[in-house]
Amino acid sequence: MPMTTVPEKLAPGVYRVDALGVKYAISVFLIAERDGWTLIDTGLPGSVPRIKEALGALGGDAGTLKRIYLTHHHSDHIGGLAGMAEWAPAAEIIAPEREAPIISGDQPPDRSENPILRAMTERQQVPTHPVARTVREGDTIAGFRVIATPGHSLGHCSLLHEGHRLLLTIDAFGQLLFGIQVGVTKPFCSDPAQARRSAKKLLDLDFTVAALCHGPLLRDGAKDRLRAVVEKNEW
Ligand SMILES: [Zn+2]
């Protein structure tokens with residue numbers, strides 16, 4: 001069978017996977033550790049076969065997928081959670097402490113400041129799934145430090161690997177159609193002003209490569225490019 005999902009190596013043991021057939025539209029990440037694999041985010045429900053295939057191409061399988069970490073509760077990040085958890089029932093499900101009760105259905109999703117988005121999300125049925133463990137700023141997931149970057153969603157977190165100088169911005173930055181923006185785009189942010197403060201906070205970290213969940217991998221001048229985005233998005 002031809003390989004349709006080729007994982008992109010970001011650093012030793014750290015891979016980016018396209019959760020959709022369109023490159024860089026929705027990225028999830030696979031990280032190898034001594035005891036097995038950690039999956040960061042799960043894409044949409046239809047992403048499950050692609051993620052399984054990518055893990056298989058890297059030599060992993062359901063038994064070696066040890067952890068599934070959800071960065072925030074939006075449906076393009078947790079959509080594949082049920083499918084992945086069914087496939088790898090022993091994998092521990094982890095999320096930031098403020099996102100976990102939303103993912104598990106104990107609290108409603110963030111209330112958007114944007115009235116159109118609010119009307120859309122209030123009607124939307126968000127898939128829910130139990131979360132076994134929560135993390136907060138300063139905790140470590142698969143060698144990455146959890147950095148609280150609220151604003152895109154109120155419990156949103158980014159991830160920094162200090163050894164690799166690799167930042168996973170998650171949705172603190174992202175590209176829909178019109179270039180990279182703070183929080184992917186202002187209407188998608190639960191609190192746009194807070195999202196901008198969080199984006200600015202990331203510029204103080206030590207990194208040379210930045211990966212976004214929506215948008216290109218930044219290998220050259222990553223920090224300068226993100227700084228220019230923060231300066232442009234004055235909300
Ligand atoms: Zn999001």
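Readers should treat all values here as calculations from the given coordinates under stated rules, not as data from a laboratory. Since the model is a prediction, treat every value here as computed from it, not as a measurement. Here the Cβ positions follow ideal geometry from the backbone for every residue, glycine too, while neighbour counts run over all protein chains shown.
Quick rundown of the values:
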read-out: Pairs from K201/K232; K23/K186; K9/K200; K201/K223; K23/K66 whose Cα-Cα separation, in the structure shown, is over 21 Å; value: K23/K186; K9/K200; K23/K66
read-out: Gained length - A11 relative to A25, 0.36 nm times residue gap less alpha-carbon distance; value: 3.0 nm
read-out: Cβ-placed point charges (K, R +1; D, E -1), dipole of the chain about Cα centre in debye, nearest 20; value: 400
read-out: Gain on full stretching of the segment that runs from L205 to E234 - 0.36 nm per residue minus C-alpha separation; value: 8.4 nm
read-out: Per-residue HN-Hα couplings for region 9-18 [Karplus 6.51, -1.76, 1.60; θ = phi - 60°; Hz; x = Gly/Pro]; value: 6, 9, 6, x, x, 10, 10, 9, 10, 6
read-out: Label-reachable residues, region 218-235, where backbone N falls under 18 Å from a point 7 Å from F178's Cα toward its Cβ; value: 228-235
read-out: Vicinal HN-Hα couplings computed from phi for region 38-47 (Karplus, 6.51 cos²θ - 1.76 cosθ + 1.60; Hz; Gly/Pro x); value: 10, 9, 9, 6, 10, x, 9, x, x, 7
read-out: Efficiency of FRET between A193 and E33 - r from beta-carbon atoms, R0 35 angstrom, step 0.05; value: 0.45
read-out: Region 195-212 versus region 126-163: alpha-carbon centroid distance in Å; value: 14
read-out: Net lengthening on full extension, A57/E86 (0.36 nm per residue, minus Cα-Cα); value: 8.5 nm
read-out: Amide H contacts of C157 (H built 1.01 Å from N, under 5 Å, at least 5 apart or other chain); value: T149
